[in-house]
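Engineer: Please see the structure below; I have some questions.
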Amino acid sequence: MPILNSDVAKIFEEIADLLEINDENPFRIRAYRSAARTIRNFKFQFHTLIGQGQFPKLPGIGQDLEEKVREIIATGRCLLLEALRRNFPPHFNDLLAIPGLGPKRVQRLNHALGISSIKQLREAAIAGKVRDIPGFGPKTEQSILSAIAVQAVHSGGFIRQTVMPQATALASYLSESTHIDRIAIAGSCRRLKDVVGDIDLLATGSDSGELMERFLSYGDVKVVLMRGPIRGSVILGSGIQVDLRFVPPESYGAALHYFTGSKPHNIALRQIALAQKMKLNEYGLFKDGKRIAGDTEISVYQALGLPFIPPELREDRGEIAAARAGALPNLIAYNDLRGDLHVHTHYPDGKNTIIEMASTAALLGLEYIAITDHPEQRVGVNGFRRNDLIRQFSDIEAARKLHPEITILKGIETKILEDGSLDVPDSLLRELDIVVAAVDGNFDLSRASQTQRLLRALCNPHVNILAHPSSRLLPDRPPCEVDMLAVMRSAKERGIALELNSQPDRLDLDDLHCKMAHEEKVLIAIDSSARNSAELGYLRLGIDQARRGWIESCDVINTQRIEKIRSWLAQPKLPQSSPSHLVGHCGSQAERP
DNA sequence: GCCGTTTTCGGCCCGACTGTTTTCAGTCG
């Protein structure tokens, strides 16, 4: 089993945790954390590059960390980590994940009570033993118990789509405060992350007192975590934390930037300011003690010599270098989409007909949709019947007559079986305008087997789109282990699009894989896989995700007019045996009854 | 541990808030 970048990153993160508990140089700790992030975001696998005699030059990875990466890739072990682990009980660093517990308190808990796990901490807190440790008290003990309870329920984070109604309702409520000029949703919600940990709100105006009172007395507040004159923090009934911060109007832009994050992006920008003998904080950009920018975000970037960087790109994934080089992507916009190539009908929970789906899509401004139901939707448990497909064809013909303003393509969503073959015979697939293939079941195959499975499916000459490629389900089902770079390169060679599925619990491809697709110039299809007409609106979430992944309009097949779509679908596929790296994947597809 | 418009050593982002103190350490974002 090769050691993956994610394995190396995990080791570096654990080293950082243990160094932190050891009270080591904070900058050394930051170096490990920064390297872990860089390695996790890096698109090529180190084990492959090192196997080819290469080692990439990456920021924050110098001689020492390069040697450690090589050691981990070669041996699967890291001597430094093993030495650190000998000083602590197993999983000791898990305690750092409890809000309110940092390295000092974790050490004290261990020295005073021998606590080395969250379970032990909970038991000690319930028994009232934690409050007697110097530096702790009854309030800290209670907040530890609350934090453990919240963490147990929401450790996976919250799907942004479910959080935004709460955020906008609270922002709207706060905006009624008489001394408030502006209120904004910042943080990871503004960066359009698929899963968020909390809600960050920023307000500006003439007086913060009434705002804070209003905030803390909001009907849905369950717990008040913190209440200062300009900053407050609460937990809502849903379990999500909300942080509110007030700044004076002239600092609005700098504060919006600061509270939008991400933290690594902010740190990088502050370093740029320092290099120019300036200081950047949430109140503004200062030179010689004088504010020179900060009323708007644009003013901050401009004063630092950079163009405006959209919030969804602010992850310290190369956006600052791209901004400096004038090479920021021209991000796709919602109105760029012309169609949806993965739409369902007649679902038990949706019950919308082809006509209803088509009319809603037309109202949304779409020029085409593809009806791509699962075979079993039409036939139940008795296997695929050709007559059902014929019946749907005639339904589509009827809908076409009723809604000539929108093109309706005949399609199917076929399952990719464990061996990479499809659950619908080629003889039927060839009668369709478009074929969407998707993994369904057997999510826990080995990385090699899962990759082979997808590569073989891509060899089917009728497949046009690989749907929700990682099969993750937010927030809890992890993505399948798969070599996505190999899948993308194969898809590109064969003219197949990878789907960015817009369902809020999928958003699959994720942002990093979107960026990879953009860099690899692989076609993307942003689809809703709507199960009823309302879900066609999820396309907006797909666009959000695409923007986080640097996707431009030209990367996306369904920004094209229907004529282009038809010619893309009609393109002959490469002969099955021609791409050298696919030999062995592309056997003849057996016909199934 | 990294890195260079402070360049091979010395600096590395920075302010708010809490709880437990008795002036501030620890933590968070």
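Engineer: Under the condition of being within 13 Å of DNA strand B (Cβ to nearest atom), within 15 Å of residue A:242 (Cα to Cα) and at pLDDT 80 or above, which residue from the stretch A:147-158 is surrounded by the most Cβ atoms within 10 Å (Cβ to Cβ)?
Structural biologist: The selected residue is A:147.
Engineer: Residues being under 14 Å from residue A:96 (Cβ atoms), in contact (Cβ under 8 Å) with a residue 24 or more places away in the chain and in contact with a Phe, Trp or Tyr (Cβ under 6 Å, 6 or more places away or on another chain): count how many of those fall in the stretch A:2-31.
Structural biologist: Here the count works out to 1.
Table: residues versus (1) at pLDDT 95 or above; (2) open to solvent by 60 Å² or more (accessible area, probe 1.4 Å); (3) not in a helix (DSSP H, G or I).
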site: A:328; (1), (2), (3): no, no, yes
site: A:341; (1), (2), (3): yes, no, yes
site: A:347; (1), (2), (3): no, no, yes
site: A:351; (1), (2), (3): no, yes, yes
site: A:355; (1), (2), (3): no, yes, no
site: A:358; (1), (2), (3): yes, no, no
site: A:362; (1), (2), (3): yes, no, no
site: A:366; (1), (2), (3): yes, no, yes
site: A:370; (1), (2), (3): yes, no, yes
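Engineer: Please go through the stretch A:23-76 and pick out each residue that is within 26 Å of residue A:92 (Cα to Cα), in a loop (DSSP other than H, G, I, E, B) and within 12 Å of DNA strand B (Cβ to nearest atom).
Structural biologist: A:23, A:24, A:25
Engineer: Condition first: within 29 Å of the chain's Cα centre (by Cα) and open to solvent by less than 90 Å² (accessible area, probe 1.4 Å). Now tell me which residues in the stretch A:66-77 satisfy that.
Structural biologist: Of everything in the stretch A:66-77, those that are within 29 Å of the chain's Cα centre (by Cα) and open to solvent by less than 90 Å² (accessible area, probe 1.4 Å) turn out to be A:66, A:68, A:69, A:72, A:73, A:76.
Engineer: When you look at residue A:125, is it in a helix (DSSP H, G or I), aliphatic (A, V, I, L, M), within 16 Å of DNA strand B (Cβ to nearest atom) and open to solvent by 30 Å² or more (accessible area, probe 1.4 Å), yes or no? Write out each step before concluding.
Structural biologist: Values: in a helix (DSSP H, G or I): yes; aliphatic (A, V, I, L, M): yes; within 16 Å of DNA strand B (Cβ to nearest atom): yes; open to solvent by 30 Å² or more (accessible area, probe 1.4 Å): no.
Spelling it out, it is not the case that residue A:125 is in a helix (DSSP H, G or I), aliphatic (A, V, I, L, M), within 16 Å of DNA strand B (Cβ to nearest atom) and open to solvent by 30 Å² or more (accessible area, probe 1.4 Å).
Engineer: Scan (1) near DNA strand B (Cβ under 10 Å from one of its atoms); (2) in a strand (DSSP E or B); (3) not aliphatic (A, V, I, L, M) for the single condition residue A:266 breaks and write down its number.
Structural biologist: Among (1) near DNA strand B (Cβ under 10 Å from one of its atoms); (2) in a strand (DSSP E or B); (3) not aliphatic (A, V, I, L, M), the lone unmet condition for residue A:266 is (2).
Matching residues to (1) hydroxyl-bearing (Ser, Thr, Tyr); (2) touching a Gly at 6+ places or on another chain (Cβ under 9 Å); (3) within 12 Å of DNA strand B (Cβ to nearest atom):
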| position | (1), (2), (3) |
| --- | --- |
| A:135 | no, no, yes |
| A:140 | yes, yes, yes |
| A:145 | no, no, no |
| A:183 | no, yes, no |
| A:206 | yes, no, no |
| A:216 | no, yes, yes |
| A:230 | no, no, yes |
| A:236 | no, no, no |
| A:240 | no, yes, yes |
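Engineer: Give the stretch A:284-308 a look and list any residue that's more than 17 Å from residue A:260 (Cα to Cα), in a helix (DSSP H, G or I) and open to solvent by less than 80 Å² (accessible area, probe 1.4 Å), or say none.
Structural biologist: Of everything in the stretch A:284-308, just one residue is more than 17 Å from residue A:260 (Cα to Cα), in a helix (DSSP H, G or I) and open to solvent by less than 80 Å² (accessible area, probe 1.4 Å), namely A:303.
Engineer: Okay, moving on. Return the residue satisfying two criteria in turn: it lies in the stretch A:88-102 and is under 15 Å from residue A:136 (Cβ atoms) and open to solvent by less than 50 Å² (accessible area, probe 1.4 Å), and of such residues it is nearest to DNA strand B (Cβ to nearest atom).
Structural biologist: A:102
Engineer: Exactly one condition in (1) over 21 Å from residue A:354 (Cβ atoms); (2) crowded, with 18+ Cβ neighbours inside 10 Å is not met by residue A:433; state its number.
Structural biologist: It is condition (1) that residue A:433 fails.
Engineer: Please go through the stretch A:268-314 and pick out each residue that is closer than 30 Å to residue A:333 by Cβ and touching an Asp or Glu at 6+ places or on another chain (Cβ under 8 Å). Write out each step before concluding.
Structural biologist: Going residue by residue through the stretch A:268-314, those that are closer than 30 Å to residue A:333 by Cβ are A:268-269, A:272, A:280, A:282, A:285, A:293-314.
Passing the criteria: A:268, A:294, A:295, A:308, A:309, A:312, A:313.
Engineer: How about the stretch A:242-254: which of its residues are among the aliphatic types (A, V, I, L, M) and out of contact with any Gly (no Cβ under 8 Å at 6 or more places or on another chain)?
Structural biologist: Residues of the stretch A:242-254 among the aliphatic types (A, V, I, L, M): A:242, A:244, A:247, A:254.
Hits for the stretch A:242-254 are A:242, A:247.
Engineer: Another question, then. Which of the residues spanning the stretch A:185-198 are within 16 Å of DNA strand B (Cβ to nearest atom) and either farther than 20 Å from residue A:540 by Cα or not β-branched (Val, Ile, Thr) (or both)? I'd like the intermediate steps shown before the answer.
Structural biologist: As a first pass, look at the stretch A:185-198 and keep what is within 16 Å of DNA strand B (Cβ to nearest atom): A:185-191, A:193, A:195-198.
Listed by number, the residues that qualify are A:186, A:187, A:188, A:189, A:190, A:191, A:193, A:197, A:198.
The values are calculated or read from the model by the stated rules, or taken from the named source; none is laboratory data. Keep in mind the model is a prediction, meaning the values are calculated, not measured. For neighbour counting, all protein chains shown are included, and Cβ atoms are generated from backbone atoms with ideal geometry for every residue, glycine included. The accessibility values were calculated without ligands, DNA or RNA, using every heavy atom of the protein model including side chains. Shrake-Rupley method; radii C 1.70, N 1.55, O 1.52, S 1.80 Å.
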